[in-house]
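The values are calculated or read from the model by the stated rules, or taken from the named source; none is laboratory data. This one's a predicted model, so the numbers in the text were calculated from it and none came from an experiment. So basically every Cβ, Gly included, is an ideal-geometry build from the backbone, and we count neighbours across all protein chains shown. Areas reflect the complete protein model, heavy atoms only, side chains present, ligands, DNA and RNA absent. Shrake-Rupley method; radii C 1.70, N 1.55, O 1.52, S 1.80 Å.
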Amino acid sequence: AFTIFTLLAVYVGFKEDSKMVREFGATIFFINLYTKFFEHIFGHVSTAVCFFLLGISFCLIASKFEKLWLQIEKLCGKTLGEEME
């Protein structure tokens, strides 16, 4: 049911031309798929292999987000964390 609601949010985002709703729905949809994948694989492989894959995937995702963060900082011309100080 949760997957259906996320896909519905993506659909409504496209239909109403709401970028925020569309991107929120897509983000939650991919987080849900990622979680379901590891729920499924956890029962079929050893725990060590599952956590190894989970750790590798976290490293890959973190490196992609770090590159994206640095690109955004470069475009903005300032450090993004400055607003929080």
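When you look at S18, is it open to solvent by less than 70 Å² (accessible area, probe 1.4 Å), over 28 Å from F5 (Cα atoms) and of a type in the set (S, T, Y), yes or no? Taking the combined requirement at face value, the residue does not satisfy it.
Of all residues in region 21-36, exactly one satisfies the criterion of being over 22 Å from C50 (Cα atoms) and open to solvent by 100 Å² or more (accessible area, probe 1.4 Å), namely F24. Filtering region 36-50 to residues that are assigned to a helix (DSSP H, G or I) and either at pLDDT below 90 or among the charged types (D, E, K, R) (or both) leaves K36, F37, F38, E39, H40, I41, F42, T47, C50.
Applying a threshold of 7 Å to beta carbon distances and a minimum spacing of six or more residues, or different chains, the list of pairs starting in region 22-33 at a residue that is in contact (Cβ under 8 Å) with a residue 24 or more places away in the chain and part of a helix (DSSP H, G or I) and ending at one that is open to solvent by less than 40 Å² (accessible area, probe 1.4 Å) and of a type in the set (A, V, I, L, M, F, W, C) reads F29/V10.
In summary, K78 fulfils each of the numbered conditions (1) part of a helix (DSSP H, G or I); (2) modelled with pLDDT under 90 with the single exception of condition (1). Taking the numbered list (1) open to solvent by 80 Å² or more (accessible area, probe 1.4 Å); (2) modelled with pLDDT of 90 or more in turn, Q71 passes all entries but (2).
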